[in-house]
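What follows is a short report on a single structure.
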Amino acid sequence: MHFNLDEDQQMVADAARQYLGRLPGIRALLEGHAPTPDGWEGMVDEQSWQALMIPLDHGGFGFNQVSAAVVLEELGRALVPSPFLGTAWATAALLECPASDARDSALASIAEGAPGAAHFGGAVTVDGAHAKHVVLVRSDGVFLADVEREETASCLDPTRTLSTVQLGKRTRLGDASAVPFVRARAMALLACESVGVAEATMDLAVDYAKMREQFGGPIGRFQAVQHMCADMLVDVESARSAAWFAAWATCPHANPARTAEAAESAGRTALCTATEAAMRCAGISIQVHGGIGFTWEHACHLYFKRARVNQTLLGEPRRHRHALAERLLGPIAATETAWT
Amino acid sequence: MDLRFSEADEHFRLEVRAFLEDALSEPHWAAVLGRGGLGDMDAFIEERKQWEQVLGAAGWTCVGWEKQHGGRGLSLHQEVIYNEEYVRARAPGRANHCGEHLLGPTVVHFGTPAQQARFLPPIVAGTEIWCQGYSEPGAGSDLARLRTKAVRDGDDWVLTGQKVWTSLAEWSDWCFVLARTNPDAPRHSGISCILVRMDQPGVTVRPIRQMTGSAEFAEVFFDGARASADHVVGPVDGGWKVAMATLAMERGASTLGQQLAFQAELDRIIAVAKETGAAQEPVLRDRIAQMWTRLEVMRLNALRTLSAHDAGELPRAAMVQKLYWATWHRDLGELAMDVLQESCALTDPAYEDLHRLFLWSRSDTIYAGTNQIQRNIIATRALGLPRK
C-alpha cells in the first residue's frame, strides 16, 4: 500500500511545475492577451504530456493515469491555457475501447501532438476548438466523430476554451460497457485539475496573510484569518486524497481489479470533493485578500472563475450525489408524504 | 501509487477475523456486542474489563507495541486492519484505551526500565485499567494553566488539586496525572507526569452526568494522594514534553481505522431513512450522499497518512484529520435526527441510538483539541502563519 506519488510521477510533476513557471500564463491573461493554444506546440516539444498515458506501441510512454493527473494539477495551479484536459479525456476514452485501426491511429496521432477532445453530450465541448480528434461519449457507446461545425463560445472562465460543435460521421469504437469507465476517468482528471486550483488559491491567501500588515502586524496573526486558511487546507488535502485515489482507481493499468461501480463512485466522489473544495478555497482567497482580491489585476478572479466552471463541466456535484443516492437509497417512488 | 494491500496484510486480516469470530461466539458475550463505544463507554464495564483479559491472554492487546514490550510489533497498516476487523466483529468497546494507546506508548518512550517492567505487562494482560488526568476546571484548551500540585514528601509526591473530563475514572486502577512540581518555574516548565494509584484515601471520583444522560467522564479530586517518587515518567519538571507526546499519540495512530465504526452508523441512518420515508426526500438524499462521499474522503486521508507514516513523514493530510472527522460526525448526528422525521423523531424508543449519536456528537468537536484549537494548530504549524 503506497498512497503517494512514485518517483517518476513526482518527476513529471516537478518538471511540469518548472516548465509552467517559465510561461507567461496568468501574466499574459491579466495583460489582456486572449488565451491561445500557441503554447501547445512548446508543451508537446518540451514536455510530451500528451504521450504520457499512451502505450509504448502507439508511440507513447506507457505510464498510468496518475502521471496525467499530476500534470493537470500543475496546469490548474498555473492556470496556463492549453488543450490538455480535452486531450487527456479523449486519450482515456480511446484507451477504454478495444484496439481498432481508427482507435490506434487516433492514439498514435495524439501521441505525436494532435490535440483531442471528448464530447459528453452537454451543450459545450471542452477544448473542442483545437481538437483534431473528437470522441463522442454517449450512454450507448464511444465513437470517434467528425466535426462539421465548431463555434468557440464565450466562457465565464477566460482561461478555458469551450465550443459548441456539430458532429458528423461517427465511427463506433466501444460499446456501452466502456462508458462508465470513460466518464469516471474524465471526472478523476477534472478533479485533479481542481486540486491545483484549490491549492494555488490557498497558497496565494497564506502568502498574502503573512505579508499584508494591518493594526501593526500581519493579518495572518488573527485567528479569524487563520481559521479561514486552516479550512482551506482541510479542503485542499481532502480534494487531493479523493482526486489521486480516483486517478489511480479508475485506470486499469494502475488498478487491474477495478469495477464499473467502484470506478464511478471514485470518480463522482473526487469530482464532488475537488470541484467544491476549489470553489470554497477560491472564494475564501478573495476574502483573505480583501479589496485587492476583487480587482481585475489580481489573479484571484481567474481562479474563482476556473473553480466555478470546473464544477459544471461534467455535471454539477449535486447530480453526482443524486446518482450516488440512487445506489445507496434506491430510486425515488412517485408518492407524496403527508407533509407536502 | 498503489493502493492494494499486500497478500501478507490480507492474510493477517483473516487471522484477526478468525480469532474474533471464535472468541465472541461464546453466548457470554452476546449482550456486549457492539456496546461500550464512544458515547456508551459506561456500559457493561465489568464484562469489558473481563474481555480485556481474554484479549490479553490470546495476545491481542497492544498489537502495535514492540515484541520486547509484550506487543506483536505490527506495522501501522496491520494495526489499522486489526481495528477494522475489531469494529466489523462488533467486539466490545475497549476498556483500556488510555492504557494501551496513551500511557503505554508514553512509558515505552519516556519510562525507565523499571517503570516499563512494572506498568507495561499489566496493560498487555488487561489487568490494570488506566485513565488520564490532564484537563482541569481552569485548564482546558490552555492546558499549561493547570494548578494541581505535587509536593515532595520523603520517597513520595503528595498531590492536591482537581482534574476533570477523566474518562472511566471510576473503573480505573491508575491515573497518569499532570501536576505542577515547581510553582516558581515558567508555566511550561515545572510540570511533571506522575502515575497515581486510584484506590487510596486521597482520591475521590465524582461522575459527571453529560447531556446524553450517561456518565462516562468524571471529576477526580486529589487531597493528599500519594505517588512514589519512582513513578514520575520523564524528568521531574519535564512533564510538558511528555504530555505533548502523549497528546500526539491520541490524535495520531489511535484514531485511524475508525471509519468502519462511522460507516456502521451511516449504514444505520440509511436503513432508518428507508423506514421513515426520509430516503424519498431529495434534500435528505443529497445530504446522505454527501456524508457518504465525505466518509470516503476521510478513509482516503487516513490511508495517505498511513503511507506517509511508512515513509517517516507527518503530512498535511494527517494534521487535518481530527478537525475533519469531528466535524463529519457532528453533521452525522444532525442527519440522524433529520431522517427520523416528524412521526418518530421524538418518542420511538427503537431510535434511542440515534438520539444518543445526535447528543454525543456535540462532544466530538470539543475533546482531544477543539475544532478551534485544531485550526490554530493547522494555521501555525502546517501553514506557517504567525502566532502573535
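Is the range B:130-237 best put as rounded, prolate or oblate by its Cα gyration tensor, with a ≥ b ≥ c the root eigenvalues, rounded for a/c under 1.5, and otherwise prolate when a/b is larger than b/c, oblate when not?
Oblate.
Restricting things to alpha carbons, tell me how big the protein assembly as shown is in terms of Rg and Dmax, in Å.
Computed over the Cα atoms of the protein assembly as shown, radius of gyration and Dmax are 28.5, 96 Å.
Rounding to the nearest 10 and keeping the result within 0 to 90°, find how far the Cα-based axis of helix B:239-251 lies from the longest principal axis of chain B.
That works out to roughly 10 degrees.
Among rounded, prolate and oblate, which fits the range B:258-302 when a ≥ b ≥ c are the square roots of the eigenvalues of its C-alpha gyration tensor, a/c under 1.5 means rounded, and a/b larger than b/c means prolate?
Details: a/c = 5.44, a/b = 1.72, b/c = 3.16.
The shape class here is oblate.
In debye, nearest 20: dipole of the protein assembly as shown around its Cα centre with unit charges on the Cβ of K, R (+) and D, E (-)?
Computed charge dipole of the protein assembly as shown: roughly 1500 debye.
How far apart, in nm, are two points set 7 Å out from the Cα along the Cα-to-Cβ line at A:ASP14 and at B:ARG145?
Inter-label distance under the simple model: 4.7 nm.
Per residue of A:267-275, how many C-beta atoms from partner chains lie within 10 Å of its own C-beta, taken as a mean?
The per-residue average across the peptide is 3.
Just tell me which lysines come within less than 28 Å, Cα to Cα, of B:LYS67; anything on the same chain fewer than 8 places away is out.
B:LYS49, B:LYS241
Which FRET efficiency value, to the nearest 0.05, is calculated for A:ASP6 and A:ALA260 with the Förster distance at 45 angstrom and r the Cβ-Cβ distance?
The value I calculate is 0.95.
What is the distance, in nm, between label points placed 7 Å from the Cα along the Cα-to-Cβ direction at A:ARG308 and at B:GLU352?
The answer from the label model is 5.1 nm.
Classify the range B:173-314: rounded, prolate or oblate, from the alpha-carbon gyration tensor (a ≥ b ≥ c, eigenvalue square roots; a/c under 1.5 rounded; otherwise prolate if a/b is larger than b/c)?
oblate
Could you work out, residue by residue across B:320-328, how many beta carbons of other chains sit within 10 Å of that residue's beta carbon, and then give the average as an integer?
For peptide B:320-328, the averaged partner shielding equals 2.
Measure out, as a whole number of angstrom, how far apart the alpha-carbon centroids of the range B:5-41 and the range B:262-292 sit.
Cα centroid to Cα centroid, the span is 26 Å.
Spelling out what I want: for every residue of the range B:259-275, take phi, set θ = phi - 60°, compute 6.51 cos²θ - 1.76 cosθ + 1.60 (Karplus), and round to whole Hz; glycine and proline get x.
For the range B:259-275, the Karplus-derived couplings read 4, 5, 5, 5, 4, 5, 5, 5, 4, 4, 5, 5, 4, 5, 4, 6, 5 Hz, x marking Gly and Pro.
Using 1/(1 + (r/R0)^6) with R0 = 51 angstrom and r between the beta carbons of B:ASP22 and B:ARG381, what's the FRET efficiency to the nearest 0.05?
Details: r = 45 Å, r/R0 = 0.87.
The value I calculate is 0.70.
What average count of beta carbons from other chains do you get within 10 Å of the Cβ of residues in A:321-327? Intermediate results must be reported in sequence, preceding the final value.
Numbers: counts 9, 4, 1, 8, 11, 2, 2.
So the per-residue partner count for this stretch is 5.
Distance between the C-alpha centers of the range A:171-192 and the range B:167-186? Whole Å please.
59 Å
Working out 0.36 nm times the residue gap between A:GLN287 and A:ALA28, then minus their Cα-Cα distance, what length gain in nm do you get to one decimal?
90.8 nm
Return B:PHE262, A:PHE181 ranked ascending by Cβ neighbour count within 10 Å, so the fewest neighbours appear first. List each step's numbers first, then the result.
Working: B:PHE262 19, A:PHE181 24.
If I rank by nearby Cβ atoms, fewest first, I get B:PHE262, A:PHE181.
Mind giving me the FRET efficiency for B:ARG206 and B:GLU15? R0 is 45 Å, r the Cβ-Cβ distance, nearest 0.05 is fine.
0.55
Between the range B:216-244 and the range B:95-125, how many Å separate their Cα centres?
Going from one Cα centre to the other spans 14 Å.
Evaluate the relative contact order of chain B (contact order divided by residue number), counting alpha-carbon pairs under 8 angstrom at least 6 apart; express in whole percent.
Details: 614 pairs, mean separation 49.4, N = 388.
Relative contact order comes out at 13 percent.
Any idea what the dipole of chain B comes to, in debye rounded to 20, about its Cα centre with Lys/Arg Cβ at +1 and Asp/Glu Cβ at -1?
So the magnitude is around 1420 debye.
With angles folded into 0 to 90 degrees, how steeply does helix B:76-88 sit against the dominant principal axis of chain B? Use alpha carbons for both and round to 10.
60 degrees
Taking 7 Å along the Cα-to-C-beta vector as the label spot, tell me the B:ARG4-B:GLU47 distance in nanometres, rounded to one decimal.
In this crude label model, B:ARG4 to B:GLU47 measures out at 4.1 nm.
Averaged across orientations, what area in nm² does the convex hull of the alpha carbons in the range A:121-210 project? Write out the running numbers ahead of the final one.
Details: hull surface 28.1 nm².
Its Cα hull, projected and averaged over all orientations, spans 7.0 nm².
Rank A:ILE284, A:SER265, A:THR91 by how far each Cα sits towards the positive end of the charge dipole of chain A (+1 on Lys, Arg Cβ; -1 on Asp, Glu Cβ) and give me just the farthest.
So the residue furthest toward the plus end is A:ILE284.
For the range A:242-294, what does the relative contact order come out to in percent, with C-alpha contacts under 8 Å and a separation of six or more?
32 percent
For the protein assembly as shown, give the share of DSSP beta bridges that are antiparallel, in percent and rounded to the nearest 5; count only bridges with both residues there.
Taking every DSSP beta bridge with both residues in the protein assembly as shown, the antiparallel ones total about 85 percent.
Straight-line reach from B:LYS388: which aspartates and glutamates have a Cα under 14 Å away, not including same-chain ones fewer than 8 places off?
Within reach: A:GLU213.
Could you derive backbone 3J(HN,Hα) for the range A:273-282 from the dihedral phi with the Karplus parameters 6.51, -1.76 and 1.60 (θ = phi - 60°), listing whole Hz in sequence and x where the residue is Gly or Pro?
So the J values, rounded to whole Hz, are 5, 6, 6, 6, 4, 4, 5, 4, 4, 4.
Taking only Cα atoms, what is the 0 to 90° angle, nearest 10, from helix A:65-78's long axis to the longest principal axis of chain A?
Helix A:65-78 sits roughly 40 degrees off the main axis of chain A.
Select from B:ALA248, B:LEU295, B:GLY36 the residue farthest towards the positive end of the dipole of chain B; place +1 on Cβ of Lys and Arg, -1 on Cβ of Asp and Glu, and compute about the Cα centre.
B:ALA248
Taking a cut-off of 19 Å between Cα atoms, list the lysines near B:LYS163, but don't count ones fewer than 8 places away on the same chain.
B:LYS149
Which whole-number percentage describes the relative contact order of the range A:162-305, with Cα contacts under 8 Å and a sequence gap of 6 or more?
34 percent.
Read the figures in this text as sums done on the coordinates, not as results from a lab. Worth saying up front: this structure is predicted, and the values here are computed from it rather than measured. No Cβ is skipped: glycine too gets one built from the backbone with ideal geometry, and neighbour counts run over all protein chains shown.
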